[in-house]
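Worksheet: one structure, shown below.
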Amino acid sequence: MRVWPIVSALLLLGSPLAGQETRVAPDDHVPPPAGVEQMDWLVGQWVGTGIGGAPAMESWLPPSGDTMVGTFVQETGEGGIRFSEILYLMEEEGTLVLRLKHFNADLTGWEEKDKMLTFRLIAVEDCAAYFRSLTLRCDGEDGLLAAVRMKSAGDEINELIFRFERME
């Protein structure tokens, strides 16, 4: 049983929402050249708030070859695990792609065994990466903002914002 059924379709290709953090691009968009070395600012452990203001954590390891591995944990308001993610930020065809899989608190997967969500790069800056419907960017001196565009059960487009501080 899924703990959070509203996240049935995270990747949206709809029209942009004004004033939001995430971006979309046409289907024929050509991603810019990029490599994992441009994402070194992301390495470390981050703590903050996520869904409904409940605690959330994200961690990123230094690159192994052309891939960075990350984890995300969304807690419940009571301090348990609501769900988690395994993330791969990898070089592919001269650019970056972010792939992830979700897991319930009991480690059962949301996506099928051989399936995952894939976010293609739209733009990369000194301290930001904008993927289709997902953003990772610096937020102040020691902050990280992660935003994801998603569709709710009623097909309403929403954007979830996660704000983190780097752990010392």
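Read the figures in this text as sums done on the coordinates, not as results from a lab. Model, not experiment: these values are computed from the prediction. A quick note on method: Cβ atoms are made from the backbone with ideal geometry, for glycine too, and the neighbour counts reach across all protein chains shown.
Quick notes
- Derived scalar couplings between HN and Hα for region 53-65 equal x, 6, x, 9, 9, 9, 9, 10, 8, x, x, 10, x Hz in order, rounded to whole Hz, by the Karplus curve 6.51 cos²θ - 1.76 cosθ + 1.60 (θ = phi - 60°), x for Gly and Pro.
- Rel. contact order, % - alpha carbon contacts under 8 angstrom, at least six apart, region 50-147: 14 percent
- For Kirkwood radius over Cα pairs in Å, calculated from these coordinates, the label among (1) 17.6; (2) 15.4; (3) 16.3: (3)
- Cα-projected label distance for ASP106 with ALA54, points at 7 Å along beta-carbon direction, nm: 1.6 nm
- For the pair GLN45 and ARG23, a Förster radius of 35 Å applied to the C-beta separation gives a FRET efficiency near 0.85, rounded to the nearest 0.05.
- Oblate is the label for region 83-150. Its Cα gyration tensor axes, ordered a ≥ b ≥ c, give a/c of at least 1.5 and b/c at or above a/b.
- Placed amide H near HIS102: partners under 5 Å, 5+ positions off or other chain: TRP110, GLU111
- C-alpha center-to-center spacing [region 21-48, region 87-147] in angstrom: 7 Å
- Each Lys and Arg Cβ is given +1 and each Asp and Glu Cβ -1; about its Cα centre, region 30-166 then shows a dipole of about 320 debye.
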